[in-house]
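Data first, discussion second: the structure below is written as structure tokens.
A short reminder: the numbers here are calculations on the coordinates, not readings from a lab. All figures in this text were calculated on a predicted structure; none of them were measured in a lab.
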Amino acid sequence: MQTGISKIILPKLTLAEFFKEASETGYETAEICLDKEGEFTLANLDSSVEHINELSKQYNLPVVSVVHWQCTGNLLASGDSRKTGVEETVRGLHAADAVGAKCTLHTVGSLLPEVCYDEAYENAVTSLKEIAVTAEKTGVFLAVEFIWNGFAFSPLEMKRLLDDVGSEYVGFYFDPGNMAVFHYPQHWVRILGKYIKMVHMKDWKGNALNGTWPALLSGDLDFPAIMKELRAAGYDGPMISEVETSEATLEESLASIKKIISMN
């Protein structure tokens, strides 16, 4: 397993500042965000891809993941909104491929009052099947992350969703800090093991009414159990920090990730 850091937690840094700081801190891999506005967007791919590749080479920091950062529409919606989401996600896969990333993160979107849940589920399956065609051609995984959007709210439903899509290139982005308020994250790993394409490193402490994502190893997560399940699932990829710098320094999070990786 390799250590990694996500630009999600360093939004104010330029890409050059992000790569420099991540490299000097000692992280081994990087995750960057495809934004609506800024240095890396669907509107400026030609120039931004060249810049990112230069930075990655300069700092010897490979880009392993790209976050579709609120710029790829709503795959749960109907009509043109869903189609736009698919088209933008496909372009995002090509962008990820151009910077050498083999995984992209997607949250699929938001539930809408006018789209019943069963219809939203079918929209998600249809959308992901369409996206899978490009994922398979580029060799870039589309990994769905569980978030607090009310959709696929259990590991069994998430597995059913991915089973229904039926592509090895559409999988799961595991973030144990996201489901810990409701479930035991290690259960998600056991159920979704073969689908896990990438891992975010976050902890959790508290409950749904009063909780927080604290520094790694200072919350309630059972990381030995999580690591046991990840190893049983055969996961050997990056462990990417998404710990806010207000909770721990980059150095502290890196040390914690290394400690977690060493757990049997």
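Overview of values
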| read-out | value |
| --- | --- |
| Exceeding the 24 Å Cα-Cα cut-off - candidates K57/K259; K7/K57; K83/K129; K202/K258 | K57/K259 |
| Region 108-175: relative contact order as a whole-number percent, Cα under 8 Å and 6+ apart | 41 percent |
| Extension gain, M263 back to E114 (0.36 nm per residue minus Cα-Cα distance, nm) | 49.0 nm |
| DSSP-defined antiparallel bridges as percent of all bridges, the chain, nearest 5 | 5 percent |
| 15 Å Cα-Cα reach of K102 towards aspartates and glutamates, excluding residues that sit fewer than 8 places from it in its own chain | E31, E136, E168, D236 |
| Residues whose placed amide H lies under 5 Å from that of F141, excluding near-sequence neighbours | C103, T104 |
| Coordinate range along principal axes, alpha carbons of region 170-249, Å, largest first | 32, 25, 24 |
| Cα convex hull volume per residue for the chain (Å³) | 118 Å³ |
